[in-house]
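K.L.:
Submitted below is the structure of interest, expressed as structure tokens.
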Amino acid sequence: MKMTPSTALAELIAQHDNLRSLMDHCEDLADSLDGQADGDPLPLTRELARLRVAFDAHNQYEEQLLRPVLLEHDTHGTVRVERMIADHVHEHRTIGSRLDSPATADVRDVIETLRAHLDAEERYLLSARVLRDGAVSIHVVG
């Protein structure tokens with residue numbers, strides 16, 4: 001499927017908003033669990049699974065867009081872009097692997113990391129300045 005950069009940007013921002021909503025819910029569940037001596041961790045575990053699935057889907061979508069967008073805007077060439085992509089994908093995998101722990105301190109820590117990651121993406125990669133119509137042709141599979 002072919003899309004304009006502004007359409008891709010809108011979709012990525014919507015995905016980020018959904019991830020933030022899921023993170024908020026995870027934090028609320030962690031707070032609730034911490035407030036109970038014999039609390040049930042199952043609701044938090046389920047919500048973390050939903051967050052992990054949404055994050056994985058987001059990463060697959062976003063990683064398809066990175067190469068053409070970065071190549072269009074980078075004046076240092078393919079080697080630098082490939083390194084940037086590899087670093088970004090590694091960061092995605094590292095964050096995703098940390099979404100497995102139902103320990104509330106771990107949940108809060110990984111959510112803080114994920115929030116910072118999303119904020120940085122929006123600041124540096126997902127701006128209208130970078131994803132502008134006519135700048136690059138974007139093909140998305142699926």
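No value in this document is a laboratory result; all are computed from the given coordinates. Source: prediction; values computed, not measured.
K.L.:
If you plug each phi of segment 109-122 into the Karplus form 6.51 cos²θ - 1.76 cosθ + 1.60 with θ = phi - 60°, what whole-Hz ³J(HN,Hα) values come out, in order, with x for Gly and Pro?
P.N.:
5, 5, 5, 4, 5, 5, 4, 5, 4, 4, 4, 5, 4, 5
K.L.:
Relative contact order of segment 1-85, please, whole-number percent, based on alpha carbon pairs below 8 angstrom and at least 6 residues apart.
P.N.:
Across segment 1-85, relative contact order equals 24 percent.
K.L.:
Can I ask one more? Can you list residues from other chains, or at least 5 along the same chain, whose modelled amide H is less than 5 Å from the amide H of ALA103?
P.N.:
none
K.L.:
Next question. In whole Hz, what ³J(HN,Hα) sequence does segment 84-89 give by Karplus (6.51, -1.76, 1.60; θ = phi - 60°), x for Gly and Pro?
P.N.:
4, 5, 4, 5, 5, 5
K.L.:
Ordered by residue, what ³J(HN,Hα) values in Hz, to whole numbers, does segment 4-20 give under the Karplus form 6.51 cos²θ - 1.76 cosθ + 1.60, where θ = phi - 60° and Gly and Pro are x?
P.N.:
7, x, 5, 5, 4, 4, 4, 5, 5, 5, 4, 5, 4, 4, 5, 4, 5
K.L.:
Still on this model: Considering the alpha-carbon set of segment 17-78 alone, what are its Rg and its Dmax in angstrom?
P.N.:
17.8, 57
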